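Take a look at the structure set out below.
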Amino acid sequence: MANRGKGYGPPLSDISESVGNTPLVKISSRTCPVGRTIYAKCEYFNPLSSVKDRLALAIIEAGERDGSLRPGQTVVEATSGNTGIGEILWGEEEGEREAGGSFLVEFSKRFEHFSFLAHRYFVAHRIAVAMMCAQRGYRCVIVMAEPFSIERRKLMRMLGAKVIVTPKAGKGTGMVEKARELAEKNGWFLCHQFETDANWKFHYETTGPEIINDLKSVGLKLDYWVTGYGTGGTFHGAGKYIKENSPDTRIVLAEPAVANLIGSGIKTERNSDGSPVSSHPAFAPHPIQGWTPDFIPLVLEKGIELKLDQEMLEIPDGAAVAMSKSLARNEGILTGISGGAAMWAAVETAKNAPEGSVLVAMLADTGERYLSTPLFADIAAEMNEEELEIARSTPSWILEP
């Protein structure tokens, strides 16, 4: 690669400047159907390895601009994980100046405490919030439901956040309600990731232009853009920009088959601030962490109302995990379960797309966040028989079981 050794560019003033400008990576013919081209938008190149770093930075900067977030305040948020880690990172520096399907049934038997993994991707937002708060010098309090992973709680605490765990019976709506209560009682800044316009606007200003500009730089036009939804910010913001600047691009919006909230046609009832009143009747636990909470976020609903001519695609039982594993073994791309789901949707779309079509799939985060989930359930820590045979093939330093 010609640019190797040239350096990143001028040194960054702080970690928040490294958010965005993530690469498009071409998928090989081992995964991509012949005659089509698929690129992965690898959001794990963000500083805390998730698309949620964009959201956390957007919320913190918007609050600072409009005066709702002031020095010395505490930031509180309810999310499943990656967002929370990102928001802590932007908060210590400023202080110096915060079930359906056989697969899911088996998964629930083996990982009962993860029965609501659908919200784990929102933990990514909490992680991102924690990052931003650490960098900016704000105190940070993250509310997360009981099923979310231990590693994500530790990441957020490592970044200085206080982590409040709510009972799993409350699902995503329960943790949102708890965060709202804490904000009202203490006068804290509530991020409102599911409702704030800052969410989708950041993707309109960054993610969408990045995709279009990177393809344009090599003379390509985007035919299909494939994504899922958590808060709906990526779909709403990047989708709006893409349709405005590439009207012929088809948008594919995917969701779990066992939790087809959009496909059900049933709207979410809302409180006055846009937050959900209760769980959506079409929701069921699913293993695609970060996608499809138990309500339709307001940000997503507003994006759908734009009529971006998106087509819906349901992800079947087990497909997301299988594709994540395939990407790791065939492409060297280590992404999470939601990334596997998006790529599966892209491959299925490509099979029916005209020859020569160019597709982009959103890979939201890294597979390293999923060590205690079904993604790694069959990955052994100890040597198997084949590995032992290799070890025994030479005489020295053999670790026998």
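Observations on the structure shown:
- Under the convention that each Lys and Arg Cβ holds +1 and each Asp and Glu Cβ holds -1, the size of the dipole of the range 144-259 around its Cα centre is about 460 debye.
- In the assembled protein chains, Thr234 presents an accessible area of approximately 20 Å² (probe radius 1.4 Å).
- Sequence of Lys201, Lys6 from largest to smallest accessible area, 1.4 Å probe: Lys6, Lys201
- Which of Leu399, Leu12, Leu313 is most accessible, then next, and so on - probe 1.4 Å: Leu399, Leu12, Leu313
- Here the Karplus curve 6.51 cos²θ - 1.76 cosθ + 1.60, taken at θ = phi - 60°, turns the phi angles of the range 316-329 into couplings of x, 3, x, 5, 5, 5, 4, 5, 4, 5, 5, 4, 5, 7 Hz, with x standing for Gly and Pro.
- Of the residues Val165, Phe189, Ala179, the one whose Cα sits farthest toward the positive end of the charge dipole of the range 148-241, with +1 on the Cβ of Lys and Arg and -1 on the Cβ of Asp and Glu, is Val165.
- Size of the range 268-401 from its Cα atoms: along the principal axes, largest to smallest, the extents are 70, 42, 20 Å.
- Only lysine pairs 8 or more places apart, or on different chains, with alpha-carbon atoms under 26 angstrom apart are counted in the range 169-319, and they number 26.
- Its residue count N sets the reference 2.2 N^0.38 Å, and the alpha-carbon radius of gyration of the range 160-288 equals 1.27 times that reference.
- Under-5 Å amide H pairs with Val143, H placed in peptide plane, nonlocal only: Glu77, Ala78, Thr79, Ile164
- Using a probe radius of 1.4 angstrom, the carbon and sulfur fraction of the accessible surface of the range 118-264 is 50%.
- Taking all protein chains as they are arranged and a probe of 1.4 Å, the heavy atoms of Asp197 leave approximately 60 Å² accessible to solvent.
- For the range 346-393, applying the loop criterion from DSSP together with a ceiling of 15 other beta carbons within 10 Å to the trypsin sites (Lys or Arg not before Pro) yields Arg392.
- Coordinate range of the alpha-carbon atoms in the range 241-291 per principal axis, descending: 37, 30, 20 Å.
- Taking the Cα atoms of the range 156-214, the ratio Rg/Rh between the radius of gyration and the Kirkwood radius comes to 1.12.
- DSSP-assigned coil residues among GluC sites (Glu not before Pro) in the range 323-401, each with at most 14 further Cβ atoms within 10 Å: Glu355, Glu382
- Phi to ³J(HN,Hα) by Karplus 6.51 cos²θ - 1.76 cosθ + 1.60 over the range 248-265, Hz, x for Gly, Pro: 7, 5, 8, 9, 10, 10, 10, 8, x, 4, 7, 9, 8, 5, 5, x, 6, x
- Which of Tyr204, Val358, Gly265, positive extreme of dipole for the chain (C-beta unit charges): Tyr204
- Working note: 222 nm ellipticity from helices only, DSSP H runs with n ≥ 4, each -39,500 (n - 2.57), summed and divided by the residues of the chain, gives -11000 deg cm²/dmol to the nearest 500.
The values are calculated or read from the model by the stated rules, or taken from the named source; none is laboratory data. Given the structure is predicted, the values throughout are model-derived calculations rather than measurements. Glycine also receives a Cβ, built like all others from the backbone with ideal geometry; neighbour counts cover every protein chain displayed. All accessible areas refer to the heavy atoms of the entire protein, side chains included, with ligands and DNA or RNA removed. Shrake-Rupley method; radii C 1.70, N 1.55, O 1.52, S 1.80 Å.
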